[in-house]
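One structure is given here, and the rest of the page talks about it.
The values are calculated or read from the model by the stated rules, or taken from the named source; none is laboratory data. Source: prediction; values computed, not measured. Because the Cβ atoms are built from the backbone with ideal geometry, glycine has one as well, and the counts that use them run over all protein chains shown.
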Amino acid sequence: MKILSAIYKTSVVKKEDLIKDDFFQFAFVGRSNVGKSSFINKLVNQNRLAKTSSTPGLTKMINYFFINEKFYFVDLPGYGFAKTDNKNKMVWADVIEKYLYPNEKLLTVFVLVDIRHLPSLQDKKMIEFLTFYNIPYKIIATKADKLSKCQISKSMELISKDLKIRKEMITAVSNQNGQGIENVLNFIQAQIELTEAKNG
Ligand SMILES: Nc1nc2c(ncn2[C@@H]2O[C@H](COP(=O)(O)OP(=O)(O)O)[C@@H](O)[C@H]2O)c(=O)[nH]1
Ligand SMILES: [Mg+2]
């Protein structure tokens, strides 16, 4: 799939403001610093669409980007805001859950994990939530450029065993050298075509 346009649409804090229109959505979750903003930027081939930052937990809003005038990329807040009070944490948790379910337009949630580490408890909680509500997801193992080919294969094995999922559910990517990016774009295209065919 070719990205022809990618435009920042809006940022949402309250569940009342979540976008409820007819366009498909693909969402991105993961802990702060996993490479979520870099991944979105790499997919759309723009350096600064989603802000990248080395300060964990800065993105506290749900950010919508409108792609090819056809679907949204939805950047969900990274988990784990160490520096915030419980009240804010509650609001964010609530809005993420309200975003994820029910959401008929959400075709896939990309759950990002660092290829060098096993998924965190929060990653597992997210995957449990997605599984419980039957929300399609795909694991994206980021920063593959930090490992050798052989190490990548081993890590994917470990992650898939840890999550009790098939290895094919995981895609290794590098936001630096572009590994896996084309693969994800093709996956997105396929999901859109499948859904359109299903809906007639
Ligand atoms: N080597 C490498 N570094 C990456 C990759 N993706 C992100 N990073 C770096 O990891 C840090 C956090 O990235 P960012 O996209 O802001 O993560 P976010 O907090 O999940 O949005 C930045 O310093 C990025 O340059 C990757 O695929 N490979
Ligand atoms: Mg970010």
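When the residues of the range 23-39 are filtered to those that are near ligand 1 (Cβ under 8 Å from one of its atoms) and at negative phi, which remaining residue is modelled with the lowest pLDDT?
In this case the residue turns out to be SER32.
Are there any pairs with C-beta distances below 7 angstrom linking a residue in the range 58-71 that is assigned to a loop (DSSP other than H, G, I, E, B) to a residue that is at pLDDT below 90 and near ligand 2 (Cβ under 10 Å from one of its atoms), with the two at least 6 apart or on different chains, and if so which?
Sorted first by the residue in the range 58-71, then by its partner, the pairs are THR59/PRO77; THR59/GLY78; LYS60/PRO77; MET61/PRO77.
If you scan the range 166-181, which residues turn out to be outside any loop (DSSP other than H, G, I, E, B) and loosely packed, with under 12 Cβ neighbours inside 10 Å?
Passing the criteria: only GLU168.
Restricting to the range 69-88, give me the number of residues that are modelled with pLDDT of 95 or more and either among the small types (Gly, Ala, Ser) or over 14 Å from LEU49 (Cα atoms) (or both).
3
Does SER155 count as surrounded by fewer than 20 Cβ atoms within 10 Å (Cβ to Cβ) and either hydroxyl-bearing (Ser, Thr, Tyr) or part of a strand (DSSP E or B) (or both)?
In short, no.
Modelled with pLDDT of 95 or more and surrounded by 14 or more Cβ atoms within 10 Å (Cβ to Cβ): does that describe SER160?
Details: modelled with pLDDT of 95 or more: yes; surrounded by 14 or more Cβ atoms within 10 Å (Cβ to Cβ): yes.
Judged against the criteria, SER160 is a match.
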